[in-house]
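Reviewing the structure listed below.
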Amino acid sequence: MIYPGMLFLHLLSAVAWIGGNILFFAVAPRLRTITPAIRVLGRTFRVLSWSAFALLLTTGAYLVQRGWDWRGWPLSLKLTLVGIALVLKVLHDFWIAPTAARRKGGFFT
C-alpha cells in the first residue's frame with residue numbers, strides 16, 4: 001500500500017528541486033552584478049536542492065518498496081533523467097562553480 005503522505009512528500013520535494021532550479025535559472029543572471037546577493041542565493045539554494053534530492057531518493061525508494069512498479073519504462077526513464085541531473089549537479093557544485101569562483105576572484109564562493 002502506498003501512503004498518501006509519503007507520495008505528498010515525494011511530490012513536494014520534486015517541486016522544490018525542479019521549481020528551485022527554474023527560479024535560480026531565471027534569477028541568478030540578474031543578480032550577478034550584486035556579488036553578496038548571488039553568493040547568499042547560491043549557498044541557500046545548494047542546501048535546499050541537496051535536501052530535496054535526498055528526500056526524493058528516500059521517499060522514492062520507500063514508494064518502490066511499497067508497491068510502485070519499478071520494472072516499467074516510465075520509472076527507468078525517470079531514474080535515467082535523475083541520474084543525469086545528479087551528475088550535472090555534482091559537476092556544477094564541486095567543480096564548475098568553484099573553478100569559476102577562483103577565476104573571478106571569489107564571485108561564486
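Overview of values
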quantity: Matching option when the condition is closer than 19 Å to residue 92 by Cα and of a type in the set (A, V, I, L, M, F, W, C), among 61, 14, 26; calculated: 26
quantity: Filtered residues of the stretch 54-74 (kept if open to solvent by less than 70 Å² (accessible area, probe 1.4 Å), free of Cβ contacts under 8 Å to residues at least 12 places away in the same chain and within 18 Å of residue 19 (Cα to Cα)); calculated: 54
quantity: Neighbours by Cβ (under 8 Å, 6+ apart or cross-chain): first from the stretch 81-97, closer than 23 Å to residue 39 by Cβ; second of a type in the set (D, E, K, R) and open to solvent by 80 Å² or more (accessible area, probe 1.4 Å); calculated: 93/46
quantity: Residue 41 vs. criteria free of Cβ contacts under 8 Å to residues at least 60 places away in the same chain and either surrounded by fewer than 11 Cβ atoms within 10 Å (Cβ to Cβ) or not polar (S, T, N, Q) (or both); calculated: yes
quantity: Any hit, the stretch 75-85, residues being in a helix (DSSP H, G or I), open to solvent by less than 70 Å² (accessible area, probe 1.4 Å) and of a type in the set (Val, Ile, Thr); calculated: yes
quantity: The one condition in (1) open to solvent by 50 Å² or more (accessible area, probe 1.4 Å); (2) more than 30 Å from residue 2 (Cβ to Cβ) that residue 51 fails to fulfil; calculated: (2)
quantity: Any hit, the stretch 53-74, residues being assigned to a helix (DSSP H, G or I), closer than 20 Å to residue 25 by Cβ and under 19 Å from the mean Cα position of the chain (by Cα); calculated: yes
quantity: Qualifying residue in the stretch 5-24 (condition: over 19 Å from the mean Cα position of the chain (by Cα), assigned to a helix (DSSP H, G or I) and modelled with pLDDT of 85 or more); calculated: yes
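The values are calculated or read from the model by the stated rules, or taken from the named source; none is laboratory data. This is a predicted model, so every value here is computed, not measured. With ideal geometry, Cβ positions are generated from the backbone for all residues, glycine too; neighbour counts draw on all protein chains shown. These accessible areas exclude ligands, DNA and RNA; they are computed on the full protein's heavy atoms, side chains included. Shrake-Rupley method; radii C 1.70, N 1.55, O 1.52, S 1.80 Å.
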